[in-house]
Amino acid sequence: MDKPTILVAEDDPEIMEVVRLYLEKNGFAVLSAADGDEAMRLAQSSVFDLAILDVLLPGRDGFDVCRFIRESLTTEAPVLFLSCKKEEADKIAGLNIGGDDYMTKPFSPNELIARVRALLRRPRLAPGTVPPASGKQSVGALQIDRLSRTVKVDGREVALSRKEFDLLSFLAARPEQTFTHEQLFRQIWGQESFNDTRTIIVHVSNLRKKIEPDPASPLYIINVHGVGYKFSCSDSS
């Protein structure tokens, strides 16, 4: 069985060496980049299972690399940020642009490995299902453009909040795959702890009011009783 491959972008040679050694010791293959441009080239030309990105990279920073991965590639690989910035606003910014986790320096290499393993255990794209390379997806009257982050219903653009769009985009990219409230919370809000089912329910309710012909009898975002939600393509034209 092939080793999971981790893309690591870190400009500090000592930190890079520690991360590489611990990853390899724990059974991972490593692709290394010392700046943002090199990380983007590796991301585009290689197959990787997870990316570890230093936020303050020379040239293109880690946030730029994350945006490139999320907007220009079809990979669903999780992204873990490393940063010396400890402010909550920086963490939120990283998670909002598509990051899955955020660790501040200095960090424990063993904790890093634990977080990598936890991210790799998260639900991934269903086998054989890949989001359109263009970033656009049409299902019935619903049109999703991931690059411009816009949604149209019957040709009319509807205004979604950032989290509403993220939730819709995530589910639509994985048609007919059921996710629990906890899985959705971790994927969209980027937090491990979960104790707020109402957050998911409210966002789904708001989404249905904006995209469903009849929110009481939804066509797209379907309840799976006792489990959670899935995106249905049964109305696909």
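Read-outs throughout are calculated quantities, based only on the coordinates presented, and are distinct from any laboratory measurement. The structure presented is a predicted model; accordingly, all values stated were derived computationally and were not measured. Cβ sites come from the backbone with ideal geometry, for glycine too, and all protein chains shown count toward neighbours.
Structure data summary
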| read-out | value |
| --- | --- |
| Gaussian network model of the chain, Cα within-10 Å springs - most flexible of Val116, Val151, Val139 | Val139 |
| Among Asp100, Asp214, Asp11, residue whose mean-square fluctuation peaks in a GNM of the chain (springs only between Cα atoms under 10 Å) | Asp214 |
| Scattering profile of segment 136-231 at q = 0.12, 0.18, 0.22 Å⁻¹ [log10 I(q)/I(0), Debye over alpha-carbon scatterers] | -0.34, -0.79, -1.20 |
| FRET efficiency, Asp154 to Thr197 (Cβ-Cβ, R0 30 Å, nearest 0.05) | 0.40 |
| Most fluctuating residue given options Gly59, Gly135, Gly36, as computed from a GNM of the chain linking Cα atoms under 10 Å | Gly59 |
| Net dipole in debye of the chain [+1 Lys, Arg Cβ; -1 Asp, Glu Cβ; about Cα centre; nearest 20] | 740 |
| Pairs of Lys in the chain closer than 25 Å at Cα, counting only those 8 or more apart or on different chains | 22 |
| Listed residue (Thr197, Thr180, Tyr220) projecting farthest to the positive dipole end of segment 136-231, Cβ model | Tyr220 |
| Check: segment 136-231 dipole with +1 on Lys, Arg Cβ and -1 on Asp, Glu Cβ, in debye | 200 |
| Stretchable slack from Lys136 to Val18, in nm (0.36 nm times residue separation minus alpha-carbon distance) | 38.5 nm |
| Convex hull per residue volume in Å³, alpha carbons only, for the chain | 135 |
| Estimated FRET transfer efficiency (Ser234, Lys3; beta-carbon r; R0 41 Å; 0.05) | 0.60 |
